[in-house]
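Worksheet: the structure to be examined is printed underneath.
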Amino acid sequence: MEVLIRGRRVELEPNSKPYLLKRLLADGLDTVLILALFLLLSALVLRTPLANTYRSHFERSRQIETETVKRLEGDAGAIGAALSGNDEYRSERFAAELHGYLLHAAACLGAELLVLLLVPLLNRGRATPGKLLTGTAVFVESRQTLALRRHALGRFLFVFLLDSLFLYLLTGIYTFLLVPVLRLTVLLLNRKNKTLCDYATRTMVIEKCSHQGIGIRDQGIVPNP
């Protein structure tokens, strides 16, 4: 299949996977965009009444810390032992961390809804902003068609629940560094450059200009849902 890319004719196999660098660039752009939106939404959420409970628990835990430090006159060992044995402090600290996690989860949901679901639902290739900029699309091998809306939803849920909520619970903000490394590792271990998300949703990423479907949906007989 000969296609025109930036004024040059290039020979591509039908439904070709993109070069690894292009795939990494697309995922990298999406990750940076999600991170920027996440930080913005987190800052906004923490300024709303939704953060009142978090602030009250956090301030009380800090108050207990301050009182303990003052009472024990800066003895680090005694302070640590006193705080670890203080049920109220541990309870307040746990509540603050839990509510903080839920607030960050809400911010993450907003960022990933926009990047990983809303944008893909608005284009036929179910492409995220990074994929749109790099000319790639999501493809369903079993159907030999571009991905449908349910595949976009499945990809969003996989990333939000596993790559985001679960890993953020364990690693915090370092999730944004860990996830690209994990994806790169999986990409390099298979010939089709598929991630765990691709395997879970039975999709793969292809060069959009190489798409050649064989289903009647691609022939315009049935509208693509």
Can you confirm whether residue 103 is more than 27 Å from residue 208 (Cα to Cα), modelled with pLDDT of 95 or more and open to solvent by less than 30 Å² (accessible area, probe 1.4 Å)? yes
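Here is a yes/no grid of residues against (1) under 30 Å from residue 156 (Cα atoms); (2) free of Cβ contacts under 8 Å to residues at least 12 places away in the same chain; (3) not in a loop (DSSP other than H, G, I, E, B):
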{"position": "15", "(1), (2), (3)": "yes, no, no"}
{"position": "22", "(1), (2), (3)": "yes, no, yes"}
{"position": "38", "(1), (2), (3)": "yes, no, yes"}
{"position": "51", "(1), (2), (3)": "yes, no, yes"}
{"position": "55", "(1), (2), (3)": "no, yes, yes"}
{"position": "91", "(1), (2), (3)": "no, yes, yes"}
Would you check if there is a residue in region 123-137 being surrounded by fewer than 16 Cβ atoms within 10 Å (Cβ to Cβ), in contact (Cβ under 8 Å) with a residue 40 or more places away in the chain, within 20 Å of the chain's Cα centre (by Cα) and closer than 24 Å to residue 163 by Cα? yes
Go over the candidates 119, 45 one by one and state the one that is touching a Pro at 6+ places or on another chain (Cβ under 6 Å) and either surrounded by 13 or more Cβ atoms within 10 Å (Cβ to Cβ) or in contact (Cβ under 8 Å) with a residue 60 or more places away in the chain (or both). 119
Residue 145 - would you say it is over 20 Å from the mean Cα position of the chain (by Cα), within 30 Å of residue 22 (Cβ to Cβ) and either of a type outside the set (Ser, Thr, Tyr) or open to solvent by less than 50 Å² (accessible area, probe 1.4 Å) (or both)? yes
Which condition number does residue 170 fail, the rest of (1) within 27 Å of residue 101 (Cα to Cα); (2) more than 14 Å from the chain's Cα centre (by Cα); (3) touching a residue at least 40 places away in the same chain (Cβ under 8 Å); (4) open to solvent by 70 Å² or more (accessible area, probe 1.4 Å) being met? (3)
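The values are calculated or read from the model by the stated rules, or taken from the named source; none is laboratory data. In this text, all values refer to a predicted model and were calculated from it rather than measured experimentally. Don't worry about glycine lacking a Cβ; one is built from the backbone with ideal geometry, like all the others, and counts go over all protein chains shown. Surface areas here come from the heavy atoms of the whole protein model, side chains and all, with no ligands, DNA or RNA. Shrake-Rupley method; radii C 1.70, N 1.55, O 1.52, S 1.80 Å.
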